Structure formats: structure tokens, C-alpha cells
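One structure is given here, and the rest of the page talks about it.
The values are calculated or read from the model by the stated rules, or taken from the named source; none is laboratory data. Remember, predicted model here, so these are calculated numbers, not experimental data. A quick note on method: Cβ atoms are made from the backbone with ideal geometry, for glycine too, and the neighbour counts reach across all protein chains shown.
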Amino acid sequence: MAKKRIAVIGLGRFGSAFCRAARGAGLEVMAMDSDQGRVHAIADDVAEAIIADGTDPKVTASIDWRQFFAVVVAIGTDLQSSLITILNLKEAGVEAIWCKTRDSYHHKLALKMGVSRAINPEQAMGEMVAAWLGHPELCSRQVLSTGQVVAEIEVTSAHIERNIMSLLGRHQVKLLSLSRYKDYQPEQLAQAGRLQPGDKLLLLAGEEQLEACLRSLS
């Protein structure tokens, strides 16, 4: 089965780290930047690395973007270059564009231009660290484009007297999976009853509902 391909434009610290992480996740990456040194530095870690400027419409028009399921614009510090690159990609027919943003203004402009997802890494990491400090049982947390949150929590010995379904139901939190079982079956969750230390729960909920659920576990 062929690997999914993505393109990353902008090879600063975020873009380069993203390229390496994407490769580690099994994706095939084309990396692009106008800086020759940055391109050479990432060349051994990606499938393809090219020296090109995304703000040049001739460049974006010359690439067959249909081969990529998404294009990531990782130009976070230069607002003008980021927005021009997005505009050029849109004019080239690219639909799935993810964009790194530097602040709320950049974020709003990118969304107005029709990007699929705008991400502020510093804000996202700040929220994640705060969530970890407030709720040590939280393993991971991801906000979806719908505004809902997918979170994984690990059950500790302090939680074992809680009933899974009643606790989550009370806070309108959906249980997607329970790692105690190798193969997830909804009926097993209903039979699971009490939590066990080491259980990992994958949850789906709104921000407020998840926060209320985590507080009840603390």
C-alpha cells in the first residue's frame, strides 16, 4: 500500500520538526523552502527536498499538488509570505491546506482565506502543559476542527471505585475505547463496570464537559 504524501512549505524549526515527525508517522514528505541551507539540512530526512519559493506563483503553478493529500504552510514568522503562499496554493487548486500561525490575527486571516486548519504551536503547547499540570492522569489531548476534544487518560488507583459508564454519561462524555481490551467491543465497555488501575480511556467530548469529567476524577 502506497504511503500518503504531504508537502511542507517552510523549513524553520517548526517545519523541520514537523517533516521528521511526519516521516516517523509513516508519511512521505516533500519539503520546500527558499533557503538552500535549510533544504540541505532536511534532505536526508524526507522523500524529496526542493529549493523553491512558495510566494512565487510560477513555482506553485508548476507543481502537481494532486499527489499530496495535504499541504502544510509552516511559515510562521513572516505573515506576508505565509498569506501569499496560501493564496498561491488556492489559485493552484489546493484544497487541503494546513497553516502554522504566529498570533490570533494571522490565525483569523488564514481561516478567512479558507485553510483547512490553522495551528498556533505555542498556544497549543501552552494549553497542553496547563492541562497536564491540572490533570496528571491526562496522557494526550487533541482539539478537533469541530471544537470537540479527543483525550486519553490513564486510570490510577484513586479511580477504581468509579463506574465508567455512569461517570462519563453524567458529564456527556463519549468513551471511544478502553485499552484493557485488545479488540474494542462496545458491549465489553458496558460490562467493564469498575475502572482498573492502568486502564487507558479514549474520550470524546466538548471542552467544558471534558473538564468537568476530569475534575470529578481528580
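Can you tell me which residues in the stretch 55-75 are in contact with a helix residue (DSSP H, G or I) (Cβ under 6 Å, 6 or more places away or on another chain) and in a loop (DSSP other than H, G, I, E, B)?
Within the stretch 55-75, THR55, ALA74, ILE75 qualify.
Do the conditions hold for ASP78, that is, is it modelled with pLDDT of 95 or more and in the same structural domain as MET113 (by TED's automatic domain parsing)?
no
Among the residues of the stretch 40-56, is any within 24 Å of TYR105 (Cβ to Cβ) and either in contact with a Lys or Arg (Cβ under 9 Å, 6 or more places away or on another chain) or free of Cβ contacts under 8 Å to residues at least 40 places away in the same chain (or both)?
The answer is yes, given that some residue of the stretch 40-56 is within 24 Å of TYR105 (Cβ to Cβ) and either in contact with a Lys or Arg (Cβ under 9 Å, 6 or more places away or on another chain) or free of Cβ contacts under 8 Å to residues at least 40 places away in the same chain (or both).
Being assigned to a helix (DSSP H, G or I) and within 24 Å of the chain's Cα centre (by Cα) is the filter here, so list the residues in the stretch 28-40 that pass it.
ARG38, VAL39
Testing GLN148 on (1) modelled with pLDDT of 75 or more; (2) farther than 30 Å from ILE86 by Cα, one condition comes back false. Which one is that?
Single failed check for GLN148: (2).
Go through (1) over 21 Å from the mean Cα position of the chain (by Cα); (2) part of a helix (DSSP H, G or I) one by one and return the number of the condition PHE18 breaks.
So PHE18 meets the others, but not (1).
From the list LEU168, LEU175, LEU133, LEU109, exactly one residue is farther than 30 Å from ASP78 by Cα, modelled with pLDDT of 75 or more and within 24 Å of the chain's Cα centre (by Cα). Which is it?
Result of the check over LEU168, LEU175, LEU133, LEU109: LEU175.
Can you tell me which residue within the stretch 178-218, out of those that are exposed (fewer than 15 other Cβ atoms within 10 Å of the Cβ) and closer than 16 Å to ARG141 by Cα, is modelled with the lowest pLDDT?
Initially, the stretch 178-218 is screened for residues exposed (fewer than 15 other Cβ atoms within 10 Å of the Cβ), giving 179, 181-188, 190-191, 193-194, 196-198, 207-208, 215-216, 218.
When the remaining residues are screened for being closer than 16 Å to ARG141 by Cα, the result is 207-208, 215.
Working: GLU207: 83, GLU208: 86, ARG215: 78.
Taking the candidates together, the pick is ARG215.
When the residues of the stretch 66-94 are filtered to those that are within 18 Å of the chain's Cα centre (by Cα) and closer than 17 Å to MET30 by Cα, which remaining residue is surrounded by the fewest Cβ atoms within 10 Å (Cβ to Cβ)? Give the derivation first.
If we filter the stretch 66-94 for residues that are within 18 Å of the chain's Cα centre (by Cα), which is where we start, we get 68-76.
Those left that are additionally closer than 17 Å to MET30 by Cα: 68-75.
Values: PHE68: 20, PHE69: 12, ALA70: 19, VAL71: 27, VAL72: 25, VAL73: 27, ALA74: 26, ILE75: 28.
The qualifying residue surrounded by the fewest Cβ atoms within 10 Å (Cβ to Cβ) is PHE69.
Tell me the residue from ILE97, ILE63 that is crowded, with 17+ Cβ neighbours inside 10 Å, under 18 Å from the mean Cα position of the chain (by Cα), assigned by TED's automatic domain parsing to the domain that holds GLY114 and at pLDDT 95 or above, please.
Working: ILE63 fails: under 18 Å from the mean Cα position of the chain (by Cα).
From the options ILE97, ILE63, the qualifying one is ILE97.
Mind checking which residues of the stretch 22-68 are under 16 Å from ILE84 (Cβ atoms) and among the aliphatic types (A, V, I, L, M)?
MET32, ALA52, VAL59, ALA61, ILE63
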